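The values are calculated or read from the model by the stated rules, or taken from the named source; none is laboratory data. All values derive from a computational prediction rather than experimental measurement. Glycine gets a Cβ as well: all are built from the backbone with ideal geometry, and neighbour counts include every protein chain shown. Note: areas computed on protein heavy atoms with side chains; ligands, DNA, RNA excluded. Shrake-Rupley method; radii C 1.70, N 1.55, O 1.52, S 1.80 Å.
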Amino acid sequence: MSLSPKNISVTHFVLVGLIEIESFRYVCALLALALFSVTLFMSSMIVYIIWTEKSLHEPMYILICIMVINVMFGNTSYFPKLAIDLLSGCSTISFVGCLCQSFCIDLYGTYEIFTFTIMAYDRYLAVGHPLRYHTLMTNITTQTISLALCVFNVVIVTVNILLTLRLTFCGVNINNVYCEIMSIQPLVCNDITINVMYRTILTLFISIGCLLVIMYCYIRTVVICLKLSAESSHKAIHTLMTHILAFSIYIVTVLFLNFRYSLSTGSISTKVDIIIPLIGSSIATSANPLIYGIRTKALREKIVCNLHNWHTKRI
C-alpha cells in the first residue's frame with residue numbers, strides 16, 4: 001500500500017519501520033523477545049515478592065509494584081507484536097489494531113509519570129514527616145490515589161482516541177515500528193486543530209504539574225536528608241537516588257522520543273528516524289524493574305533468596 005493524494009478509507013496501516021529493518025529482522029526479533037522475557041521475569045518476581053511478603057506491604061513497595069505492573073502492561077503492548085511482525089515479515093497493522101496499540105502505549109506512558117509523582121510525594125512524607133507518615137500515607141491511601149489516577153488516565157486517553165476516530169486519512173505509511181497517535185497524525189487529511197490542542201494542553205498540564213510536584217518533593221527531601229544523621233541520611237539518599245535514576249531515564253527517553261518528531265522533516269535518514277523510537281521505547285519499557293530489583297535491598301535479597309530456593313527444590 002502507498003500514499004494517496006486523496007481521502008481513502010483506511011483499514012490497514014503500513015509500519016515503514018519494519019520494512020527499513022528487514023535486513024536485521026531476526027536479530028531485532030530475538031533482542032525484542034530477550035528483553036521482553038527478562039523484563040517480564042523481573043517484573044513478575046517483584047510483584048510476587050511484594051504480594052507474598054507481609055513485611056513489604058508498605059506504600060513505597062506498593063507503588064513499586066504498581067509501577068512494574070504498568071511496565072508489564074507497556075511491554076505487552078509493544079514487544080510481542082514487534083517480535084511477531086519481525087519473525088513473520090508482516091509490516092501492516094489494522095486500523096483498529098493501530099488505535100488499540102496507541103491507546104495502550106499512551107496509557108502506559110501517562111500513568112508512569114503519575115506513579116513517579118506519587119512516589120516522590122511518598123518519599124518526601126517519609127523523610128520530612130516520619131512521625132505522621134503512617135497516618136498521612138497509609139496503604140489504603142496509596143491504593144486509592146493510584147486507582148483514581150488510573151481512572152483519570154483511562155478517561156483522558158480514551159478521549160484522545162475518540163478524537164482520532166473522527167479523522168480521515170490521505171495515507172497509510174507510518175514512519176515507525178509501532179502505532180501511536182503522533183505517528184499517524186501526519187497522514188490525516190482533515191483539520192486536526194482540536195486534536196493537537198487537546199493533546200498539547202493535556203501534555204503541558206500533566207507534565208508541568210507532575211514535574212513541579214516531583215522536583216519540589218525531591219529537593220525538599222534532599223535538604224531534609226542533609227540535616228539527618230549519617231546512617232539515616234545514607235539510607236534515605238540511597239532510596240531517593242533509586243527513584244531519581246528511574247525517573248531520569250523515563251524523562252530522557254520521553255524527550256528523546258519527542259525530539260524525534262522535530263527532526264522528522266528530512267534532516268535525518270529514515271533508518272535513524274526509525275532507530276530512535278525503537279531504542280527509546282525499548283529502554284523506557286524495560287529499565288524500571290531492573291533498577292528497582294537491583295538497587296532496592298529488600299527486593300534484591302528476596303529475589304536472590306527465592307531464586308536460590310527454587311533452584312534447590314529442582315535439584
Scanning segment 263-311 residue by residue, the ones that are out of contact with any helix residue (DSSP H, G or I) (no Cβ under 8 Å at 6 or more places or on another chain), modelled with pLDDT of 75 or more and hydroxyl-bearing (Ser, Thr, Tyr) total 0
Closer than 25 Å to ILE214 by Cα, open to solvent by 10 Å² or more (accessible area, probe 1.4 Å) and hydrophobic (A, V, I, L, M, F, W, C) - does that describe any residue in segment 70-83? yes
Among the residues of segment 202-211, are any in contact with a helix residue (DSSP H, G or I) (Cβ under 7 Å, 6 or more places away or on another chain) and open to solvent by 50 Å² or more (accessible area, probe 1.4 Å)? no
Pick from VAL222, VAL188: which is without any contact (Cβ under 8 Å) to a residue 40 or more places away in the chain, under 23 Å from LEU257 (Cα atoms) and open to solvent by 20 Å² or more (accessible area, probe 1.4 Å)? VAL188
When you go through (1) open to solvent by 10 Å² or more (accessible area, probe 1.4 Å); (2) farther than 11 Å from THR285 by Cβ one by one for ILE64, which number turns out not to apply? (1)
Filtering segment 72-96 down to residues that are touching a helix residue (DSSP H, G or I) at 6+ places or on another chain (Cβ under 9 Å) and among the hydrophobic types (A, V, I, L, M, F, W, C) yields MET72, PHE73, PHE79, LEU82, ALA83, ILE84, LEU86, LEU87, CYS90, ILE93
Any chance ILE194 is under 30 Å from HIS12 (Cβ atoms), modelled with pLDDT of 85 or more and either within 17 Å of the chain's Cα centre (by Cα) or surrounded by fewer than 12 Cβ atoms within 10 Å (Cβ to Cβ) (or both): yes
Is segment 39-54 home to any residue that is out of contact with any His (no Cβ under 6 Å at 6 or more places or on another chain), of a type in the set (A, V, I, L, M) and open to solvent by 40 Å² or more (accessible area, probe 1.4 Å)? yes
Those residues of segment 1-14 which are open to solvent by less than 70 Å² (accessible area, probe 1.4 Å), among the aliphatic types (A, V, I, L, M) and at pLDDT below 90 amount to ILE8, VAL10
Determine if segment 91-107 includes at least one residue that is in a helix (DSSP H, G or I), farther than 30 Å from MET137 by Cβ and free of Cβ contacts under 8 Å to residues at least 24 places away in the same chain. yes
Residue under question is TYR216, and the condition is that it be open to solvent by less than 40 Å² (accessible area, probe 1.4 Å) and aromatic (Phe, Trp, Tyr); does it hold? no
Taking interchain pairs and intrachain pairs at least six residues apart, which have beta carbon atoms under 7 angstrom, with the first residue in segment 228-243 and within 16 Å of TYR121 (Cα to Cα) and open to solvent by less than 90 Å² (accessible area, probe 1.4 Å) and the second of a type in the set (Gly, Ala, Ser) and assigned to a helix (DSSP H, G or I)? HIS243/ALA120
Suppose we filter segment 134-147 for residues that are free of Cβ contacts under 8 Å to residues at least 24 places away in the same chain and either within 14 Å of TYR121 (Cβ to Cβ) or of a type in the set (Lys, Arg) (or both); how many remain? 2
Segment 166-182 - residue that is polar (S, T, N, Q) and in contact with a Gly (Cβ under 9 Å, 6 or more places away or on another chain) and, of those, most open to solvent (accessible area, probe 1.4 Å): ASN175
Would you tally the residues in segment 125-137 being closer than 19 Å to ALA236 by Cα and either open to solvent by less than 60 Å² (accessible area, probe 1.4 Å) or β-branched (Val, Ile, Thr) (or both)? 7
